[in-house]
1. Which condition breaks for MET128 when tested against (1) touching a residue at least 40 places away in the same chain (Cβ under 8 Å); (2) touching a strand residue (DSSP E or B) at 6+ places or on another chain (Cβ under 8 Å)?
2. Out of the strands (runs of 3 or more DSSP E) lying entirely within region 1-103, which hold 1 or more residues that are modelled with pLDDT of 90 or more and more than 20 Å from THR126 (Cα to Cα)?
3. Within region 17-36, is there a residue that is of a type in the set (Phe, Trp, Tyr) and assigned by TED's automatic domain parsing to the domain that holds VAL122?
Amino acid sequence: MCPDAGSHEVPCEFCARYRVESPEYLVDGKCDRYCTGFQTEYHSPLVSLSGYNTAVILGMLGLPVEEYGSIPVAEVPEVLRRVIRALNVERVRAPAIEEPFEERGALGCRAVGFGNTDEDTVRRLTSMQTLLVFAAENGFDVVWN
């Protein structure tokens, strides 16, 4: 996201929907006990990825695979170039593709991995492209956490 693009508070859409569809589930007039009744709406595009998928995309783009990071506005065009290349060259995306799996641990615990298709990777890269174009056009740094 581009935090310098700003944000503002809007009424919580879930609270509004509960008031109409399921008022019996409201807690003190809100959708749950932790809701403030408002949501933050950001003025920049958002890219929502799991930690694992973030690491895969950052690594693919040659960026440091860290939990928190940023791309200064001066570096945004170069990262955007890498995204466009990844979108257009299948072998660049190939390391991100994973087959689904299911494993049982020694104590019978079940682990399931849902895999990652090329379409998943293209969708994530396209979201990154949208964010980076916005940042480049408006002079913003990009951050992740």
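1. The one condition MET128 does not meet is (2).
2. 7-11, 38-42
3. no
The values are calculated or read from the model by the stated rules, or taken from the named source; none is laboratory data. Since the model is a prediction, treat every value here as computed from it, not as a measurement. All Cβ positions, even for glycine, are placed from backbone atoms using ideal geometry, and neighbour counts span all protein chains on display.
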